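Undergrad: Let me give you the structure first, and then I'll get to my questions.
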Amino acid sequence: MFDQLFTLSFAVMLIVVYFSGIIRGYTGFGSALLTVPALAILFGPVQAVAIEILIEIPVSIGLLPKAMKSFEKKTVLPILLTFVIFVPLGTFLLILIDPNIVKIVISLFVLFSVYLLSQQSQIKSLISTKANLIIGALSGFSQGLTGMAGPFFATALLARGDRSSITRANIVMLSAAIIGLSVASFFIFGLITNQTIFYALMASPAILLGAWTGSVLFEKYSSKNFKTVMLCVLIVSALFTLFDSLYFR
């Protein structure tokens with residue numbers, strides 16, 4: 001394991017993880033957009049998702065205190081409850097279903113949702129408990145199977161038209177919850193090895209530094225640019241995932 005610490009590919013991975021941390025710190029989600037493809041080249045797709053969720057743990061802990069002051073319980077709790085059921089289900093199906101098919105569907109959904117968001121400030125139908133339960137079920141299933149739930153529930157929360165501080169707080173809370181459930185599911189199904197933990201420890205400082213940078217940028221510029229940045233991240237996430245699923249299967 002140690003021989004890979006002094007290679008160009010490992011250095012590139014740390015740079016990628018740092019920039020993914022900036023995205024995570026600013027928007028509350030999105031680090032998997034960069035880290036999973038980069039890690040998949042070194043360790044394969046399953047281990048890439050496993051390492052990604054492990055390095056998210058310290059980031060989630062760091063972002064939680066402030067988010068807990070601003071998040072909306074009536075929005076977050078129904079989604080979180082469905083995570084408990086559907087994250088393990090998605091993880092179980094990881095060995096049975098081609099995750100690329102799910103990624104393609106999610107990418108197309110996100111692109112369509114971004115188009116709707118560009119046409120109006122909010123979507124009233126998403127402001128309901130029933131809608132939150134559906135969002136939670138689909139996000140949880142996606143997380144367990146592909147490690148890609150953030151764009152799904154982030155799109156839905158952004159569509160509600162809440163203040164940027166509330167939207168980001170809700171996203172941070174859900175991201176933390178889904179990471180915790182994912183870690184538990186991956187351990188239960190034996191998808192986390194000693195090597196996974198080792199590389200996660202090596203990459204954690206880079207994503208923590210990036211998340212701190214992203215948080216500082218959010219404090220300075222979120223009032224004017226949050227929705228624009230979110231839409232750009234969602235578009236890039238969907239297009240990148242779609243391209244990766246279609247051409248690198």
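Undergrad: In segment 36-46, what count of residues is obtained for those that are farther than 23 Å from A177 by Cβ and either buried (at least 24 other Cβ atoms within 10 Å of the Cβ) or touching a residue at least 24 places away in the same chain (Cβ under 8 Å) (or both)?
TA: Final tally of qualifying residues: 6.
Undergrad: Among the listed residues G161, G210, G180, which satisfies the condition of being out of contact with any helix residue (DSSP H, G or I) (no Cβ under 6 Å at 6 or more places or on another chain) and either in a loop (DSSP other than H, G, I, E, B) or crowded, with 19+ Cβ neighbours inside 10 Å (or both)?
TA: Sole residue among the options that is out of contact with any helix residue (DSSP H, G or I) (no Cβ under 6 Å at 6 or more places or on another chain) and either in a loop (DSSP other than H, G, I, E, B) or crowded, with 19+ Cβ neighbours inside 10 Å (or both): G161.
Undergrad: What tally of residues in segment 40-62 results from selecting those that are part of a helix (DSSP H, G or I) and more than 18 Å from A149 (Cα to Cα)?
TA: Going through segment 40-62 one residue at a time, the tally reaches 6.
Undergrad: Among all residue pairs at least 6 apart or on different chains, which show Cβ distances below 9 Å where the first residue, located in segment 219-240, is free of Cβ contacts under 8 Å to residues at least 24 places away in the same chain and the second is open to solvent by 30 Å² or more (accessible area, probe 1.4 Å) and β-branched (V, I, T)?
TA: Going by the 9 Å Cβ cut-off, the qualifying pairs are Y221/V229.
Undergrad: Of everything in segment 133-161, what is over 18 Å from T35 (Cα atoms) and polar (S, T, N, Q)? Give them in sequence order.
TA: S139, T155
Undergrad: Restricting attention to segment 144-154, which residues are open to solvent by 10 Å² or more (accessible area, probe 1.4 Å) and over 8 Å from the mean Cα position of the chain (by Cα)?
TA: Residue satisfying the conditions is F152 alone.
The values are calculated or read from the model by the stated rules, or taken from the named source; none is laboratory data. Treat the numbers as computed from the prediction; the structure is a model and nothing was measured. Positions of Cβ are backbone-derived with ideal geometry, glycine not excepted, and every protein chain shown enters the neighbour counts. To get the accessible areas, we keep the full protein, side chains included, count just its heavy atoms, and leave off ligands, DNA and RNA. Shrake-Rupley method; radii C 1.70, N 1.55, O 1.52, S 1.80 Å.
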